[in-house]
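Below: the structure, in structure tokens.
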Amino acid sequence: MDLGITGRRAAVAAASSGLGLGAAKALAAEGATVAICGRDAGRIEEAAAAVGHGCIPLVCDVASAEGGARFVAMATDALGGVDVLVTNAGGPPPGNFATTDVEAYPGAIDLNLLSVIGMCKAAVPAMQAAGWGRVVAITSLSVRQPMANLILSNTARAGATAFLKTLAREVAEEGITVNSVQPGLHWTKRVQGLYPDGAGDARMGDADDFGAIVTFLCSDQAKFVTGAQLHVDGGAYQALQ
């Protein structure tokens, strides 16, 4: 199937490994020109080489609204514009209500909410002017089903989901779709760090398969899919709605 994104310019945040890297690989394989970012020059250059297809590595920390906007500006300069934005960031430290100080919440909100807003504020106006755009946010299944010992992530990503749902309605008539993809457990460095002894009997997803789902949401065929919150979790979420 031709997804209709050959030649589109895609910016994928926090893509030195894991789900961001999987998304970048899939977009590039479908003919998009991709720019990716990470905090470490060596790691992001290695990731760009793994993506191939002329992927452009950018050193940028997207842990804040300013960092997110900076990445979009850098990607716009490198690509000549951004048609596809994949927002992504690492997760905040683990902890529960008792162990997490109030002072830890602003950093988590910067990382997993305000960074998304900063990237969208920087990228969406040009998409509106062009009459075409795709925004896909990598969030977490914890938005639907809060995860134990991840109170910071549960809180901040819920806010990001509300922002994205609101944005989707506001730009739907302008040829722009805004969706979020909510991964369950995938075998990434983040999950390995959270569960060093393994995650019991939990099924683990593959980052490259996840990237293919992100890429479909960027396609021409998905032009009528917006405001969606797609959980990709191997059946872990069990509620009826």
Using each residue's phi in segment 98-108, evaluate 6.51 cos²θ - 1.76 cosθ + 1.60 at θ = phi - 60° and report the 3J(HN,Hα) Karplus result to the nearest Hz, with x for Gly and Pro. 5, 9, 9, 6, 4, 5, 7, 5, x, x, 5
In what order do M204, M147 fall by count of nearby beta-carbon atoms within 10 Å, going from fewest to most? M204, M147
Once whole DSSP H runs in the chain are found, which of them have Cα atoms spread over 18 Å or more along the helix axis and a mean Kyte-Doolittle score of at least 1.0? 115-130
Ordering of 34-46, 225-237 by packing [mean C-beta count within 10 Å, highest first]: 34-46, 225-237
Within 10 Å of each residue's Cβ, count the other Cβ atoms and sort F71, F224, F163, F210 from fewest upward. F224, F163, F210, F71
Contour minus Cα-Cα distance for H53 and A126 (0.36 nm per residue): 23.8 nm
Full-extension gain in nm, N149 to F224, via 0.36 nm per residue minus C-alpha separation: 23.4 nm
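Would you tally the net charge around T87, using a Cβ to Cβ cut-off of less than 12 Å, leaving T87 out, and scoring K and R as +1, D and E as -1?
Working: positive: K121, R134, R157; negative: none.
That works out to +3.
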For L150, what residues show an amide H to amide H distance below 5 Å, using hydrogens built from the backbone and excluding near sequence neighbours? G95
May I have the convex hull volume per residue, in Å³, for the Cα set of segment 113-186? 80
Cβ charges +1 (Lys, Arg) and -1 (Asp, Glu), total dipole of segment 54-116, debye: 140
Okay, helix-only estimate at 222 nm for the chain: each DSSP H run of n ≥ 4 adds -39500 (n - 2.57), divide by all residues, round to 500 deg cm²/dmol; what do you get? -12500 deg cm²/dmol
Taking only the alpha-carbon atoms of segment 48-106, what semi-axes of the equivalent ellipsoid follow from 5 times the gyration tensor eigenvalues under a square root, in whole Å, largest first? 31, 14, 9
Dipole moment magnitude, nearest 20 debye, segment 9-232 about Cα centre, only Lys, Arg, Asp, Glu C-beta charged: 260
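Read-outs: derived from the displayed coordinates by stated rules, not from any lab. Because the structure is a prediction, the values reported are computed rather than measured. Positions of Cβ are backbone-derived with ideal geometry, glycine not excepted, and every protein chain shown enters the neighbour counts.
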